[in-house]
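The values are calculated or read from the model by the stated rules, or taken from the named source; none is laboratory data. Model, not experiment: these values are computed from the prediction. Cβ placement follows ideal geometry from the backbone for every residue including glycine, while neighbour counts extend to all protein chains displayed.
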Amino acid sequence: MITYTALAQRSGNWWAVDVPELKGVRAQVKRLDQVEPMVRDAIALMLDVPEDAFEVEVRWQLLSSVDDAVLLLAKARREAEDAQRDLTEAATRAALALVKDMGLTVRDAGWVLGVSYQRVHQLLHRT
């Protein structure tokens, strides 16, 4: 399935949207969540195809200083997700060791780990 790019740039209080792959497909919206449906409708009308015959990828251009801040946030979010995944894996290993290897109850394991016994139960059953 073909994918068209909707490139949004801030223009005053509006987002001006162009589709580089299709000359003449332009839109103007107030909010980014309006880009995809507006562009999808415009493309379908121009090509005379159903709206579900293609994909639309929305991209936006910001001021370079703002773009840097957004990229930094995305990097920090990925790092936090990786850290959360590592934390969950470590907690699972610790819960298994406490309950399976040492024979602790899930309540005691929760006390040792600083989490609820319900969380210990969840960790034990994710493997």
**Request:** With the condition kept exactly as written, say whether any residue in the stretch 87-94 is within 30 Å of Ala109 (Cα to Cα) and acidic (Asp, Glu).
**Result:** yes
Cβ pairs under 6 Å, 6+ apart or interchain, first in the stretch 100-121 and without any contact (Cβ under 8 Å) to a residue 40 or more places away in the chain and buried (at least 16 other Cβ atoms within 10 Å of the Cβ), second among the small types (Gly, Ala, Ser) and assigned to a loop (DSSP other than H, G, I, E, B), ordered by first then second residue, are Gly110/Ser116
Pairs returned, first residue in the stretch 55-80 that is closer than 26 Å to Val25 by Cβ, second residue that is among the hydroxyl-bearing types (Ser, Thr, Tyr) and exposed (fewer than 11 other Cβ atoms within 10 Å of the Cβ), beta-carbon separation under 9 angstrom, 6 or more apart or interchain, are Glu55/Thr3; Val56/Thr3; Glu57/Thr3
Looking only at the stretch 71-89, decide whether some residue is modelled with pLDDT under 95 and of a type in the set (Ser, Thr, Tyr). no
Q. Is it the case that the stretch 43-59 has a residue that's over 25 Å from the mean Cα position of the chain (by Cα), loosely packed, with under 11 Cβ neighbours inside 10 Å, of a type in the set (Asp, Glu) and outside any helix (DSSP H, G or I)?
A. yes
